[in-house]
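The values are calculated or read from the model by the stated rules, or taken from the named source; none is laboratory data. Predicted model only: the values in this text are computed from it and were never measured. Cβ placement follows ideal geometry from the backbone for every residue including glycine, while neighbour counts extend to all protein chains displayed. Quick note on the areas: whole protein, heavy atoms, side chains included, nothing else; ligands and nucleic acids left out. Shrake-Rupley method; radii C 1.70, N 1.55, O 1.52, S 1.80 Å.
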Amino acid sequence: MTVTRKVSLFVPYFVDQLLPEVAVDTVKVLRRIGYAVEFPEDQTCCGQPAFNTGYWNEARPCAEHFVRVFKHADVVVCPSGSCATMVRTFYAELLATSSLREDAVALAGRTFELSEFLVKVAAVTQVGAIFPHSVTYHASCHGLRELHLRDEPLQLLRGVEGLKLIEMGRSEECCGFGGTFAAKFADMSAAMGDSKAESVAATRAEFVTAIDPSCLLHIEGILGKRHAPARTIHLASILARTNSAQGTP
């Protein structure tokens, strides 16, 4: 695969509104390894919430807008496995009757989740990060089951100076978020979250990380309710750290 030195950043709306530091840290990492980063300001939601809930007619204009905004990008990088999956896996079906379907299919082949891009496209597993803490990893559903990302995030974590990676039992078990699933089936979602929190606690790690900010928001809520000592941090924010003397996140 030909490596490009310019990427377009896709920032999911919940990152923009709730975890903007994840977007900032993604840019830091990409620039550090030599990529120019552009941020198309006209971008909005990819349409995944409406699509997953069955409102395809409402999701379609979001998807078409996304394609128009990014169709000339050399490559698109997103710090979210679920949103990258939406573009890569489901746009072809959602836009099957749209005049933009061919553009969508082409764009899907140039859209990557951050860890996937770093390992498979940029061919790096060490980005100069320093994070002297114990960390465990949660494998989020879309990244694992749709993008087939298993070892890529772990390779990057193993390349971080000072980081102690602790394997989590049942790391591939869903955390219970699932977008609107958490709202429609709150009791089931909370029970799944409790199970994940128990798996995190068993590792005694200081931090739990993942490639999906939405999963981390859910896990953070569960951990906070249980007064658990472990904290959540996105993979990009670990990879962005370059100074062990920086304050603990």
* Structure fact -> A student applying the Cα gyration tensor rule (rounded when a/c is under 1.5; otherwise prolate if a/b is larger than b/c, oblate if not) would label the chain oblate
* In the stretch 92-170, with Lys and Arg counted as +1 and Asp and Glu as -1 at Cβ, which of these residues, 100, 132, 157, has the Cα nearest the positive end of the dipole, that is, farthest along it? -> 132
* Work out, step by step, the length gained on full extension between residue 161 and residue 105: first 0.36 nm times the residue separation, then minus their alpha carbon distance; give nm to one decimal. => 16.3 nm
* To do: Any of 120/164; 28/71; 71/196; 6/225; 71/164; 120/225 with alpha carbons more than 32 Å apart? Name them for me.
  => 71/196; 6/225; 71/164; 120/225
* Pop a pseudo-label 7 angstrom from the Cα along the beta-carbon direction at both residue 55 and residue 228 and give the gap in nm to one decimal. => 3.1 nm
* Asked: Tell me, what is the per residue accessible area of the chain in Å², probe radius 1.4 Å?
  -> 45 Å²
* To do: Using only alpha carbon pairs under 8 Å that are at least six residues apart, calculate the relative contact order of the chain and give it in whole percent.
  => 20 percent
* Structure fact -> Contact order relative to length for the stretch 68-176, counting C-alpha pairs under 8 Å separated by 6 or more residues, stands in percent at 28 percent
* Asked: Using only helices, what value at 222 nm comes out for the chain when you add -39,500 (n - 2.57) per DSSP H run of length 4 or more and divide by the total residues, to the nearest 500 deg cm²/dmol?
  -> -11500 deg cm²/dmol
* Asked: What residues have an amide H closer than 5 Å to that of residue 76, excluding those fewer than 5 places away on the same chain, when H is modeled at 1.01 Å from N in the peptide plane?
  -> 8, 111, 112
* Please work out how much length the chain gains when fully extended from residue 72 to residue 188, using 0.36 nm per residue of separation minus the C-alpha to C-alpha distance, in nm with one decimal. => 37.6 nm
* For the stretch 191-237, diffusion coefficient by Stokes-Einstein and Kirkwood Rh (Cα), 25 °C, 0.890 mPa s, µm²/s -> 235 µm²/s
* Taking only Cα atoms and a 10 Å spring cutoff, compute GNM fluctuations for the chain and point out the largest among 80, 237, 115. => 237
* Any idea what the dipole of the chain comes to, in debye rounded to 20, about its Cα centre with Lys/Arg Cβ at +1 and Asp/Glu Cβ at -1? -> 420 debye
* Asked: For the chain, which whole percent of the accessible surface, found with a 1.4 angstrom probe, sits on carbon and sulfur atoms?
  -> 52 percent
